[in-house]
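Structure first, then comments.
The values are calculated or read from the model by the stated rules, or taken from the named source; none is laboratory data. Just so it is clear, the model here is predicted, and its values are computed rather than measured. Cβ placement follows ideal geometry from the backbone for every residue including glycine, while neighbour counts extend to all protein chains displayed. The protein model used for the area step is the full one, side chains on, heavy atoms only, and it has no ligands, DNA or RNA in it. Shrake-Rupley method; radii C 1.70, N 1.55, O 1.52, S 1.80 Å.
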Amino acid sequence: MGDYKPAEALTHRRRATLAVARAATLQPMNRRFEGDRQSLVAADISFENEHNKHDHSLEISRNKTKNDKKKRRNDISDMLSNCHKTQESLLSSASGYKNYRGVLNWCVVMLVLSNARLFLENLLRYGVLVDPVQVVSLFLNDPYSWPAACLVIVSNVFILVALYTERQLSKGSFSELVGFLVHFINMAVLLTFPAAVVLLVPSMTSVGGLFVLGTYTIILLKLYSYKDVNLWCRELSTMKAKKLSRSLSCPSEQRFYEGERKVCYPGNLTLRDMYYFIFAPTLCYELNFPRSPNIRMSFLLRRLFEMLFFTQLLVGLTQQWMIPIIQSSMKPLEDMDLSRMTERLLRLAVPNHLLWLMFFYWFFHSSLNFTAELLRFGDRQFYKDWWNSESVTYFWQNWNIPVHKWCLRHFYKPLLRRGFSKMFSQSAVFFLSAFFHEYLVSVPLRMFRLWAFMGMMAQLPLAWFVGCFLRGNYGNAAVWISIIIGQPFAVLMYVHDYYVIHYRQEGD
């Protein structure tokens, strides 16, 4: 036992020595093998990358071939597909197509070219007839006598009388009957006084008389609306209403809403409020008009430029185009046959209609928008799409919105509330309009022939006929024909009567 233990220990030491020697011998070999292994791994990675690139290029080539085949298949399918389907032609009413902008532009171009030819013929025949000095003579016969301007200044008297009367009524100093009588007398004089001056003052020209009577008519309609609205406010105050309509009044105390001061009755009875209404582009009075936030200078300057441009264009075309035709038409109708009279009517129709359209744009768009922008007046709806009118009634309701609103608010609806029928009320509105048309034409010309009155009253049977028998485009065509032919016919009648009264009497 004692001999065995030393021998076993010696054996263990020899094995440990051999293991250390083997490890020392294998360490350099392991390093060499590790380097070779890494080189092999790098080579494998490089080979794999090249293989992937090759596979990717093959995939791209295969996809491209597949896409080309698919595109070719789609092209063949598209060529084989049906190229027809059930549909209507664009010009058929059943197609529902409505965009005729190109046709409209073509019509405008043709209209310009055709009228350019007439204008060149006019220049070659008459020469240049535009004379700015003659425009001044249309308003003034005598440079030292200005009756039209004086009458416009005098109109302030009637405005102040209406304001004073309303103030007295609000205080209770005037009874309602006395206030009604004062308003009635004031408006009666407002209607007759300028007409008497135009008829009796020799220095008053026809154009100056038309301007004065137009101004006084506008003031008359405004003061009538002013009287009605204040009367409604007093009636509501009497009934002690707590909430009143915005277009009529508001509670007695003043309030602020959205940064704007709201005027309340009788706080509206001031010079500032009255003259704002007088200059505002509306005929219907309100205590609180809608206001725009600020004045847009670019918009204001554009409207001003349009006003100046169309003023010069209207004056120039009237002198160069209309006046020669009117002068050539100054011949008694009994001296002309039907064909000659028809020819003169058609010659007058085109320039008269174009000037009327220019006047519409100048007044209802440029002038009224300029005034509204200057006064920050918010309601700019001075006209609607009257050019699409399929009935005569629609035309008269939409081409002059301020007058239509006045007639509806202060004449038509009050008649309905008093028990009158719609037909009677509509007829009464046309009668009132016919009266003012004749008033504005006959008084400045100093002759009474009722052509304008009869032309307006003829709108009633025309409206009935178009409404009953003509629809859609046919109704619209009938409205356009009545506008294009009706106005120059009335002008021709007045020209004829003016010639008979003045020139034939001088010849006799």
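Starting from residues that are out of contact with any Leu (no Cβ under 9 Å at 6 or more places or on another chain) and hydroxyl-bearing (Ser, Thr, Tyr), keep the ones in the range 343-381 and report whichever is surrounded by the most Cβ atoms within 10 Å (Cβ to Cβ).
367
Does residue 365 satisfy the criteria of being part of a helix (DSSP H, G or I), within 21 Å of residue 220 (Cβ to Cβ), at pLDDT below 95 and not small (Gly, Ala, Ser)?
Values: part of a helix (DSSP H, G or I): yes; within 21 Å of residue 220 (Cβ to Cβ): no; at pLDDT below 95: yes; not small (Gly, Ala, Ser): yes.
Spelling it out, it is not the case that residue 365 is part of a helix (DSSP H, G or I), within 21 Å of residue 220 (Cβ to Cβ), at pLDDT below 95 and not small (Gly, Ala, Ser).
Scan (1) in contact (Cβ under 8 Å) with a residue 60 or more places away in the chain; (2) among the hydroxyl-bearing types (Ser, Thr, Tyr); (3) loosely packed, with under 15 Cβ neighbours inside 10 Å for the single condition residue 192 breaks and write down its number.
It is condition (1) that residue 192 fails.
Could you check the range 161-186 and list, in sequence order, the residues that are within 16 Å of residue 267 (Cα to Cα) and open to solvent by 70 Å² or more (accessible area, probe 1.4 Å)?
Keep residues of the range 161-186 that are within 16 Å of residue 267 (Cα to Cα), which gives 162-172.
Within the range 161-186, 164, 167, 171 qualify.
Spot the failing condition for residue 393; the list is (1) open to solvent by less than 30 Å² (accessible area, probe 1.4 Å); (2) assigned to a helix (DSSP H, G or I); (3) not small (Gly, Ala, Ser), and only one is missed.
Of (1) open to solvent by less than 30 Å² (accessible area, probe 1.4 Å); (2) assigned to a helix (DSSP H, G or I); (3) not small (Gly, Ala, Ser), only one is false for residue 393: (1).
Take the residues in the range 460-499 that are open to solvent by 40 Å² or more (accessible area, probe 1.4 Å) and among the β-branched types (Val, Ile, Thr), then tell me which one is farthest from the chain's Cα centre (by Cα). It would help to see each step written out before you state the result.
Residues of the range 460-499 open to solvent by 40 Å² or more (accessible area, probe 1.4 Å): 460-462, 464-465, 468-471, 473-474, 477, 480-481, 484-485, 487, 489, 491, 498-499.
Imposing the further condition that a residue be among the β-branched types (Val, Ile, Thr) reduces the set to 481, 484-485, 491.
Details: 481: 23, 484: 22, 485: 25, 491: 28 Å.
Applying the filter and picking the extreme gives 491.
Of the residues that sit in the range 258-316 and are modelled with pLDDT of 90 or more and acidic (Asp, Glu), which one is nearest to residue 365 (Cα to Cα)?
By that ranking, first place goes to 306.
So which of 429, 441 ends up being assigned to a helix (DSSP H, G or I), without any contact (Cβ under 8 Å) to a residue 24 or more places away in the chain and surrounded by 14 or more Cβ atoms within 10 Å (Cβ to Cβ)?
Values: 441 fails: without any contact (Cβ under 8 Å) to a residue 24 or more places away in the chain.
429 is the lone residue from the list that is assigned to a helix (DSSP H, G or I), without any contact (Cβ under 8 Å) to a residue 24 or more places away in the chain and surrounded by 14 or more Cβ atoms within 10 Å (Cβ to Cβ).
Report, by residue number, each residue of the range 274-300 that is surrounded by fewer than 18 Cβ atoms within 10 Å (Cβ to Cβ) and outside any loop (DSSP other than H, G, I, E, B).
Once the filter is applied, which keeps residues that are surrounded by fewer than 18 Cβ atoms within 10 Å (Cβ to Cβ) and outside any loop (DSSP other than H, G, I, E, B), the range 274-300 yields 275, 276, 278, 279, 291, 297, 298, 299, 300.
Only one residue in 448, 420 is assigned to a loop (DSSP other than H, G, I, E, B), within 22 Å of residue 488 (Cβ to Cβ) and open to solvent by 50 Å² or more (accessible area, probe 1.4 Å), so which one is that? Spell out how you get there, then give the answer.
Numbers: 420 fails: within 22 Å of residue 488 (Cβ to Cβ).
Result of the check over 448, 420: 448.
Filter the range 207-230 down to the residues that are open to solvent by 40 Å² or more (accessible area, probe 1.4 Å) and farther than 24 Å from residue 407 by Cβ and list them by number. Steps first, please.
Pass one, the range 207-230, residues open to solvent by 40 Å² or more (accessible area, probe 1.4 Å): 207, 210-211, 218, 224.
Matches in the range 207-230: 207 only.
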